[in-house]
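The values are calculated or read from the model by the stated rules, or taken from the named source; none is laboratory data. For clarity, every value in this text was computed on a predicted model and none was experimentally measured. Positions of Cβ are generated from backbone atoms using ideal geometry, with glycine treated the same way; all protein chains shown enter the neighbour counts. Just so you know, the surface numbers come from the protein's heavy atoms only, side chains and all, with ligands and any DNA or RNA stripped out. Shrake-Rupley method; radii C 1.70, N 1.55, O 1.52, S 1.80 Å.
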Amino acid sequence: MSADSQPRAALRHGSRLAMTAAEVDAFLAGERVCRVATAGPDGHPHVSPLWFAWDGMALWLCSLVSSRRFTDLTARPRVAVVVDAGDAYGELRGVEIRGTARVVGPVPWDGVVTPDLAEAERLFTEKYPEQRHVRRKGRHAWIRVEPEHTSTWDFRKGAR
């Protein structure tokens, strides 16, 4: 198995602006919105914002099954996801994860928390307590993205 296929080994550490694994975990735990890039049937990209949870090894998404994003991911599961923050140039920081999306559980999700979905449901409930009921309406599905390549940046380190 190559280093690029292991989430921790794939983190770029060569740059002084790169985040450490602990910084990535803290950043992904704190941010609420990611941008999911998929490829449509014509090969053109589609980017959409979505809530997410990070379990330390994979990114969890809960997508409407009627969305273009879900249709794209189930037909062409290669995906790029960006989580970023900061307003001024010296504050910019983020994580880009590239990998393969895999649907976990029934489509649409029936609200039953099986062992393979327990951690994702727990993380989402903690992160977005005000929206727990949304995922229970039988219109969403769980997607797990395991990083095959991860790039990070934290421009705040440039001032050190």
C-alpha long axis of helix 118-127 to longest principal axis of the chain, angle in °:
70
Any idea what angle helix 21-30 forms with the longest principal axis of the chain, computed on alpha-carbon atoms, 0 to 90 degrees, nearest 10?
50
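Could you work out how much longer the chain between ALA85 and ALA26 gets when fully extended? Use 0.36 nm per residue separation minus the Cα distance between them, nm to one decimal. It would help to have the intermediate numbers written out before the result.
On the way: separation 59, 0.36 × 59 = 21.24 nm, distance 1.29 nm.
Length difference between fully extended and current span is 20.0 nm.
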On full extension of the chain, what length is gained from SER66 through VAL47, given 0.36 nm per residue of separation minus the C-alpha to C-alpha distance?
5.3 nm
Among ALA118, ALA29, ALA39, residue whose mean-square fluctuation peaks in a GNM of the chain (springs only between Cα atoms under 10 Å)
ALA118
In whole Å, what are the Cα extents of the chain along the three principal axes, biggest one first?
49, 37, 34
Could you identify which residue out of VAL82, VAL107, VAL36 has the top mean-square fluctuation in a GNM of the chain using Cα springs shorter than 10 Å?
VAL107
Using a Gaussian network model on the chain with a 10 Å cutoff between Cα atoms, which of GLU23, GLU121, GLU96 fluctuates the most?
GLU23
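Around VAL79, with a cut-off of 15 angstrom between Cβ atoms, what is the net charge of the other residues, counting Lys and Arg +1 and Asp and Glu -1?
On the way: positive: ARG35, ARG68, ARG69, ARG76, ARG78, ARG98, ARG102, ARG144; negative: ASP72, GLU96, GLU146, GLU148.
For residues surrounding VAL79, the net value is +4.
Provide ASP25, ASP72 ordered by accessible surface of protein heavy atoms (probe 1.4 Å), highest first.
Values: ASP25 50, ASP72 5 Å².
Highest to lowest solvent-accessible surface, that is ASP25, ASP72.
Do any trypsin sites (Lys or Arg not before Pro) in the range 68-148 lie in a loop, going by DSSP, with at most 11 other beta-carbon atoms within 10 Å of their beta carbon, and if so which?
On the way: sites: ARG68, ARG69, ARG78, ARG93, ARG98, ARG102, ARG122, LYS127, ARG132, ARG135, ARG136, LYS137, ARG139, ARG144; in loops: LYS137, ARG139.
Taking the range 68-148 and a limit of 11 other Cβ atoms within 10 Å, the loop trypsin sites (Lys or Arg not before Pro) found are LYS137.
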